[in-house]
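Heads up, the thing below is written out as structure tokens.
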Amino acid sequence: MRNNILSIVIPVYNEEDNIPVLYERLSEVLKGLEVDYEIVFVDDGSSDSSWEIIRELHKKDNSVRAIKFSRNFGHQIAITSGIDNAIGDAVITMDADLQDPPEVIPKLVDKWKAGYEVVYAVRERREGENFLKRGFAWLFYRVLKKITKIDIPSDVGDFRLLSRKVVEELKKLKEHYRFVRGLSSWIGFKQTGVQFVRDARFKGKPKYSFWKSLRLALNGIVSFSIAPLQLASYMGFIVSIFSFLYAIWAIIARFALNRAIPGWTSIIVVVLFLGGVQLLTLGIIGEYIGRTYGEIKRRPLYVIDKKLGYDIKEEM
Ligand code: UDP
Ligand code: MG
């Protein structure tokens, strides 16, 4: 009987200082497991020497495969491409900056062998990330949990194992505004988590700016819930009731009480409030329309420049 194959998918965006150490620690762990393995690096348009380093690794170790995008497409797309191209019976996705310690992999594999189709790594603690990021992340996962119908686990990033069965289902989900961790929960099957401590980034700066993180969070919410749209209609409903009552009061004040002159403050408050609510609702609708527009263009998710280790016209 052949050994199981394990694929490790690693998105890389300017991680030249991290790749060699990651490769060493990862190989060490993988060699200790009773599986064959491949390490799939996805170079998401790096401008440093990441690709050259990956190429060297591929030359000396044929379990290293790689995909190079034609430009930066983003972390979630890079993961998707790695998963699309992985050949393993199970696929593990992890970051290149050693925040996801390779030493956790055997625990993921154990759960898979025990029959789970998705094994995600739960951040018990986060090291070296600032208060603001931790705070926002905490809040985001709580909000997401409240407003989505599917059970997306909290404090879980993209460090996870997916079985072949799940990978095949994931490939059918072609959406552009991707929130991969949500998609893998959406798929279902037997899922479980293992706890780990998320280390500080080994070298370099985080590639996710505050705005990029916010975009990802919005993608998570908008792709899995229409609660914000419903919020817009609830707000509209409540504001209408108040407006109606206030209109009645205005009419009584004018005709029955004959005291309709004072009112600058109330007018300005009402105008500003309604304007704010309208802009907010328009913005919410805009988020959904923008994404709908993005989806209907049906562009491919990514463009590949080069591949290593996939035989097809191997370019260096
Ligand atoms: N990454 C990527 N494309 C991007 C941004 C990030 O492939 O546009 C990779 C990055 O190299 C790393 C992982 O995604 O392996 C997570 O990025 P980062 O560490 O910046 O995110 P954080 O850990 O701060 O959430
Ligand atoms: Mg990181």
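Values in this text are rule-based calculations from the coordinates and carry no lab data. On a predicted model such as this, the values are computed, not experimentally measured, just so you know. Positions of Cβ are generated from backbone atoms using ideal geometry, with glycine treated the same way; all protein chains shown enter the neighbour counts.
In this entry, the range 1-153 is assigned a mean projected area of 10.7 nm², taken as a quarter of its C-alpha convex hull surface. Residues Y293, Y13, Y208, ranked from the fewest to the most other C-beta atoms within 10 Å, line up as Y293, Y208, Y13. With one equal scatterer per alpha carbon and no solvent term, the Debye-computed log10 I(q)/I(0) for the range 172-295 at 0.11, 0.13, 0.19, 0.21 1/Å reads -0.66, -0.79, -1.15, -1.25.
The value of relative contact order for the range 1-106, using C-alpha pairs under 8 Å at least six residues apart, is 43 percent.
Cα-based radius of gyration for the chain, normalised by 2.2 N^0.38 Å, reads 1.27. Evaluated with a Cβ-only charge set (Lys, Arg +1; Asp, Glu -1), the range 169-316 carries a dipole of roughly 420 debye about its Cα centre, given to the nearest 20.
Mean sequence separation of contacting Cα pairs (under 8 Å, at least six apart), scaled by the length of the range 58-192, corresponds to a relative contact order of 34 percent. Phi angles of the range 241-254 translate, via the Karplus equation with coefficients 6.51, -1.76, 1.60 and θ = phi - 60°, into HN-Hα couplings of 4, 4, 4, 4, 4, 5, 5, 4, 4, 5, 5, 4, 4, 6 Hz per residue; Gly and Pro are given as x. In whole angstrom, the range 81-197 maps to an equivalent ellipsoid with semi-axes of 22, 18, 14, each derived as √(5λ) from the alpha carbon gyration tensor and ordered largest first. Loop-located GluC sites (Glu not before Pro) in the range 11-67 (DSSP state other than H, G, I, E, B) with a sparse environment of at most 13 neighbouring Cβ atoms within 10 Å: E34.
Dividing the summed helix terms, -39500 (n - 2.57) for each DSSP H run of n ≥ 4, by the number of residues in the chain produces a 222 nm estimate of -15500 deg cm²/dmol to the nearest 500. Evaluating 6.51 cos²θ - 1.76 cosθ + 1.60 at θ = phi - 60° for every residue in the range 199-216, the Karplus couplings come out as 6, 6, 4, 5, 9, x, 9, x, 8, 8, 6, 4, 5, 4, 5, 5, 4, 4 Hz, glycine and proline recorded as x. Values of log10 I(q)/I(0) for the range 22-65 across q = 0.22, 0.25, 0.29 Å⁻¹ run -0.78, -0.94, -1.13, by the Debye formula with one identical scatterer at each alpha carbon and no solvent. Loop-resident GluC sites (Glu not before Pro) (DSSP state other than H, G, I, E or B) in the range 235-316 with no more than 12 further Cβ atoms inside 10 Å of their Cβ: E314, E315. The relative contact order of the chain comes to 22 percent, based on Cα pairs under 8 Å that sit 6 or more residues apart.
Amide hydrogen proximity for Y177: with H placed 1.01 Å from N in the peptide plane, no residue at 5 or more positions away or on another chain lies under 5 Å. Neighbour counts of other Cβ atoms within 10 Å put D44, D36 in the fewest-to-most order D36, D44.
Computed from backbone phi, the HN-Hα couplings of the range 118-125 come to 10, 10, 9, 9, 8, 6, 6, 8 Hz, rounded to whole numbers (Karplus: 6.51 cos²θ - 1.76 cosθ + 1.60, θ = phi - 60°; Gly and Pro given as x). Using a Gaussian network for the chain with springs between C-alpha atoms less than 10 Å apart, which of these wobbles most: V270, V12, V122? Residue with maximal mean-square fluctuation among V270, V12, V122: V270.
Across the cross-link table entries K111/K203; K145/K171; K113/K207; K68/K165; K145/K174; K68/K146, which are compared at the Cα atoms, the separations over 28 Å belong to K111/K203; K113/K207; K68/K146.
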